[in-house]
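Peer 1: Here it is: the structure, laid out below.
What follows is calculated from the coordinates using simple rules that are stated; it is not laboratory data. Fair warning: this is a prediction, and the values are worked out from it, not measured in the lab. A quick note on method: Cβ atoms are made from the backbone with ideal geometry, for glycine too, and the neighbour counts reach across all protein chains shown.
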Amino acid sequence: MTHPPTDPEFDAYKTLQVDPEADQEVIQAAFRRLAQKWHPDVAGGPEAAARMTAINRAWEVLRDPDRRAMYDRARGERARAASAANAMSGTGARAAPGAAAAPPPSTEGPSAGPLRPDPGLRRPPGGPASSTPPPGQPSGSVLNFGRYDGWSLGEIARTDLEYVEWLDRTPIGRPYRQEIDEILRRTGRRKSAEAEAKERRGLFRPR
């Protein structure tokens, strides 16, 4: 069995910009988004190649539940060991006066800065644990990720409107933003353009 990487400077979750508690579908969506952004055919240059290598490496670790579990255990052990070492050394070695603190190690490539989990890629609202067959009568764009893989937006709206609202707040929902806006307005989850215009006029009504 292939073991996940043990490089202490490599963090698969930071590389894919997801929370360590993220659902599998969220991790998969993050991988696809980053792979599209940094694919050498799109971005080009040595930095894109380095980032793509790191992205693929992280996905190989996190895509398989068993490898992810092994990686999480090793990651937790490293964190506990580092915490114990810091506790043993008190405040740790002090830097020389005037010396600049060393930057944290890069996890994605030569010029990558420290990455933080994208708050838009945390857990979606409740729903089916995994992708289920669509109910029929499709309308609108069809998703190719997550628990509603193969469902159209219209089918999802009739079944799980909260998921549509979650998509509206996340980066992976941006390609469908116009359709989502129409669905939310039609279902009363968002005010119509006419109502918003009336509100704005009311705010600036002369006294």
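Peer 1: Less than 15 Å Cβ to Cβ from G136, Lys/Arg counted +1 and Asp/Glu -1: what total charge do the surrounding residues give? Mind showing how you got there, number by number?
Peer 2: Numbers: positive: R158; negative: E155.
Combined, the nearby Lys, Arg, Asp and Glu give 0.
Peer 1: If you don't mind, another one. Grab the other residues whose beta carbon is less than 15 angstrom from that of T187, score K and R as +1, D and E as -1, and report the net. Each step should come with its number before you reach the end.
Peer 2: On the way: positive: R158, R185, R186, R189, R190, K191; negative: E155, D160, E162, E165, D168, E179, D181, E182.
Neighbourhood net charge equals -2.
Peer 1: Across 10 Å bins from the origin, how do the percents of Cα pairs in region 32-83 run, short distances first?
Peer 2: Pairs per bin, as whole percents: 25, 34, 29, 13, 0.
Peer 1: Compute the signed sum of charges (Lys and Arg +1, Asp and Glu -1) over the other residues within less than 14 Å, Cβ to Cβ, of A79.
Peer 2: Working: positive: K14, R73, R75, R78, R80; negative: E9, D11, D72, E77.
With Lys, Arg at +1 and Asp, Glu at -1, the neighbours total +1.
Peer 1: For the ranges 36-47, 172-183, 141-152, 51-62, what's the packing order if you count other beta-carbon atoms within 10 Å of each residue, average per peptide, and put the highest first?
Peer 2: Descending packing order for the listed peptides: 51-62, 141-152, 172-183, 36-47.
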